[in-house]
Amino acid sequence: SAPESIFNRFPLRMVHGVPLMEPIAQNWQRIEEFQARPDDLLIATYPKAGTTWMQEIVDLINNGGDVEKAHRAPTYVRIPFLEICSPKPIPSGVDILEKTPSPRTIKTHLPFQLVPKSFWKLNCKTIYVARNAKDCAVSFYHFDKMNVTQPEPGTWHEYLQKFMEEKLSWGSWYDHVCGYWDEKDKHRILYVFYEDIKEDPACEIRKVMQFLEKDLREEVLEKIVHHTFFQVMKENPMANYTSMPSFILDHSISPFMRKGEVGNWKHHFTVAQNEAFDAHYQRKMMGTTLKFRTHI
Ligand code: A3P
């Protein structure tokens, strides 16, 4: 097994204008040249938008609601993470995916323009989950504190500045959500919102089911709704990331399944931070039809 010391707050390096963790930047050529297959399903998100939640929903749908099958392995084994990369000898996401039999479901945080072109050439299906910027920033802050591979987050105030300046891992939230939004009708992209899944999980899960062309009975859908509730996933060791070594994810600092709410940002933003954020947000999101809800 690898020495713990290789997982040590990697610096960020620019890849085509997007800051990525150094091992990802070093492996960039292989990621860029990654060969998709026509029946691949991509789950794309900005970090902390509800990736793990959608992974669990998709895996349950693909297994016809069979909870035992979904318990076969942790999320990150069932659905490999395309660009993730650690120093050798840890296999990269690309290494693992090349050996994964089809049909594959693949996680990525890459912005649209950095996704390997083969996915779009082959017209692969993509599910994009978007979450409002304020809750995303708060969730990412707590995650960066507990995830020792990410740069040191600093104070919440410093972190929020970095979010607005688009200097966090995987870059700009604004460009990310708008990038997929602008492309969604040109490709097979299902664009869903964290806030909508929270408000009406059955309705959003049904959309995913239809997108995947799976016809599950209503009681199976209800079972999937139950199994993907926050509290149920928080207690599921195959979904809550507690199986990762604690020298990588330290749940004593902040659990991966932290709050699972819409509007938790209200406990973190000061009035002044909120005003500055809103003014900056308006400028950044001026030209788009994309609208988010920050409370439900
Ligand atoms: P919080 O930190 O706000 O609690 P990702 O999987 O993209 O890293 O996102 C993690 C965020 O999604 C965390 O947000 C986590 O608690 C939340 N989450 C995970 N599963 C969830 C679920 N079943 N329902 C609601 N939120 C969930």
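Please treat every number below as a calculation from the coordinates, not as lab data. Keep in mind that what you see is a predicted model, and the values were worked out from it rather than measured. Cβ sites come from the backbone with ideal geometry, for glycine too, and all protein chains shown count toward neighbours.
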_Net dipole in debye of region 212-296 [+1 Lys, Arg Cβ; -1 Asp, Glu Cβ; about Cα centre; nearest 20]_ = 320
*Over all distinct Cα pairs, what is the inverse of the mean 1/r for region 223-296, reported as the Kirkwood hydrodynamic radius in Å?*
15.5
*Which entries in the list 134/162; 48/125; 117/198; 99/145 go over 23 Å, if you measure between the two C-alpha atoms of each?*
117/198; 99/145
_Cα extents of the chain along the three principal axes, largest first (Å)_ = 49, 45, 40
_Neighbour-count ranking [beta-carbon atoms within 10 angstrom, fewest first] of 251, 109_ = 251, 109
*asked:* A 28 angstrom limit on the alpha carbon distance is what I want to check against. Which of 167/266; 121/223; 167/214; 69/207 exceed it?
replied: 121/223; 167/214
_Using Cβ contacts closer than 10 Å as the measure, can you line up 232, 129 from fewest to most?_
232, 129
*How long are the three semi-axes of the equivalent ellipsoid of region 39-94, in whole Å, if each is the root of 5 times an eigenvalue of the C-alpha gyration tensor, listed from largest down?*
22, 14, 10
*Which percentage, to the nearest 5, of the DSSP beta bridges contained in region 1-156 is antiparallel?*
30
*How would you rank 268, 176, 16, going from fewest to most other Cβ atoms within 10 Å of each one's own Cβ?*
16, 268, 176
*Please identify every one of the GluC sites (Glu not before Pro) in region 162-222 that sits in a loop by DSSP and has no more than 12 other beta carbons within 10 Å of its own beta carbon.*
165, 213
*Compute the relative contact order of the chain as a whole-number percentage, counting only Cα pairs closer than 8 Å that sit 6 or more residues apart in sequence.*
25
*asked:* How long are the semi-axes of the equivalent ellipsoid of region 1-137, taking √(5λ) for every eigenvalue λ of the Cα gyration tensor, in whole Å from largest down?
replied: 23, 18, 17
*Give the percent of DSSP beta bridges with both residues in the chain that are antiparallel, rounded to the nearest 5.*
25
*Show that you can apply the helix-only estimate: for the chain, add -39,500 (n - 2.57) for every DSSP H stretch of four or more residues, divide by all residues, and state [θ] at 222 nm to the nearest 500.*
-11000 deg cm²/dmol
